[in-house]
Amino acid sequence: MRVGGLDILWIAKSADEEASDVRNGSGDADASVLFNLSGFRVRAQAMHEGEWWLAIETSSTRAACRSCGVFGVGNGRRRVLVRDLPIAGTSVVLVWFKRTWRCRELLCPRGSWSETSDEIAPRASLTQRARKGICRRVGRDLDTVAEVAREFGVGWAAAHQAVIDHGDELIANDRRIEMVTALGVDEHTFQHANARRRTQMVTTFVDIDRGRLLDMVPGRSGTVVREWVQAQPFWWADQIKVATIDAFAGYATAIRDTLPGAVLVVDHFHAIRLASEAVNDVRRRVQQATTGHRGRKGDPLYGIRRLLLMTWRNLNDKGWDRLRAGLAAGDPDGEIAAVWLARELLSEVYAAVDLAHAKRRLIVFFQHAADAEIPELTRLARTIDRWRDEVLAYHRTGGASNGPTEAVNLLIEKIRRIGHGYRNYDNYRRRLLLGCGIQWTTVPTYRIRGRNPALAA
């Protein structure tokens, strides 16, 4: 039989002959076991232009009319070409010799019909497992749709539709948001500003315990958080015990209103980032005042700009020497040194062994800031004082932080780089939720070295 320029040898066999093939372990039966598509068996296979072509048929030999229930008689076959999962990186084309049936009942309105399968949808170009495989490759393995489409031998639109059909089903599953007790809220940039648009921000919601993205919503405001929480099932808000945010009043107000049982925490990362920004602001101001220009190569303060952002625990002897030399040469009034010390004092608040110890260290930070009388440091101290309870809540919650949220943000940036950016928000959200919000099931593998399995000769 010639299909698409390819000669495929296939001879229909009787039911007794097929049963004998299975009992005797014929080539067709072995191929069917390896092929492993439920309800189908392989009758012939060939390599054509670098692709595997498999002639398949269903294992059923009878079919009842869907209108009257009378068993039909064979009315020939027709060929259907469809793509399946690749084999060892080689594309697979299935040639399904689909049976057609004719109803014996003369008065039946149906007359004739073709057999159907749950594995191959009508007029589909891909099997169901191939469509799921494309979605899994895009979500779990973070491959681009274009790469997967080329490997499967289909167009971009077909692969993208497979991601939509199966991905949206996984995303809509309510089990993703079950058993969430700690919520992380943060934002990141969806699209940067250019001549035609403003910067577009999105708010992300993360399950801190499992480090998994729950959802993302366009915008950065308390209204966004409030509407998202209210859209969840009625029981969901009651199970949230901890919520971590950056020092943004909009998020805090919305969480206090919608999650009254949650302890609000301003985590270590965001608090220290505020202090590091104060260090940079003072360094730039002193640099401009002492040299009359921005930092340049060879300037003492410019040379230690990265050392100033490191904590004292991470500085080796060489780093300490460079830091002291740079401050001695470029910080005549000791302002940079004072702000750097304030940041270290704030870091020690989070490193305290318990809540009482943290409160004492926080008082030391405020006293240092008041004595220094540096505008940038005063502004930082006022901000920390405004968020005093949320900063100290770090110790009341056993060290809850937005670390898992920041890890998710790093993965988001990786996906953005792989996709070379996104313009469509729906595609962007779907891709991120598949990559960061789904617990993909994988088949466990084991070491084979040192094992001697009993293999049949």
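Just a yes or no: is a residue in the stretch 75-89 in contact with a Phe, Trp or Tyr (Cβ under 7 Å, 6 or more places away or on another chain) and loosely packed, with under 13 Cβ neighbours inside 10 Å? It would help to see each step written out before you state the result.
If we filter the stretch 75-89 for residues that are in contact with a Phe, Trp or Tyr (Cβ under 7 Å, 6 or more places away or on another chain), which is where we start, we get 75, 77, 79-80, 82-83, 86-87.
Still in the list and also loosely packed, with under 13 Cβ neighbours inside 10 Å: none.
Checked the stretch 75-89: no residue is in contact with a Phe, Trp or Tyr (Cβ under 7 Å, 6 or more places away or on another chain) and loosely packed, with under 13 Cβ neighbours inside 10 Å.
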Within the stretch 396-418, which residues are closer than 25 Å to S347 by Cβ, among the aliphatic types (A, V, I, L, M) and in contact with a helix residue (DSSP H, G or I) (Cβ under 6 Å, 6 or more places away or on another chain)?
-> V408
So T100, is it β-branched (V, I, T), assigned to a loop (DSSP other than H, G, I, E, B) and over 19 Å from I164 (Cβ atoms) | no
Out of all the residues in the stretch 26-38, is one or more at pLDDT below 85 and among the β-branched types (V, I, T)?
-> yes
Taking the stretch 126-148 and the residues there that are surrounded by fewer than 21 Cβ atoms within 10 Å (Cβ to Cβ) and among the small types (G, A, S), the one that is farthest from I56 (Cα to Cα) would be A146
Has the stretch 270-287 got any residue that is touching a strand residue (DSSP E or B) at 6+ places or on another chain (Cβ under 6 Å) and either more than 23 Å from D209 (Cβ to Cβ) or surrounded by 15 or more Cβ atoms within 10 Å (Cβ to Cβ) (or both)?
-> no
In the set D209, D186, which member is under 21 Å from L259 (Cβ atoms), in contact with a strand residue (DSSP E or B) (Cβ under 7 Å, 6 or more places away or on another chain) and surrounded by fewer than 19 Cβ atoms within 10 Å (Cβ to Cβ)?
-> D209
Counted residues, the stretch 285-318 - those being under 30 Å from S401 (Cα atoms) and out of contact with any Leu (no Cβ under 6 Å at 6 or more places or on another chain) | 11
Please verify whether the stretch 137-144 includes one or more residues that are in the same structural domain as D238 (by TED's automatic domain parsing), at pLDDT 90 or above and under 30 Å from A243 (Cβ atoms).
-> no
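The values are calculated or read from the model by the stated rules, or taken from the named source; none is laboratory data. It should be emphasised that the depicted structure is a prediction, and the values quoted were computed from it without experimental measurement. Reconstructed Cβ throughout: ideal geometry from the backbone, glycine too, with neighbour counts over all protein chains shown.
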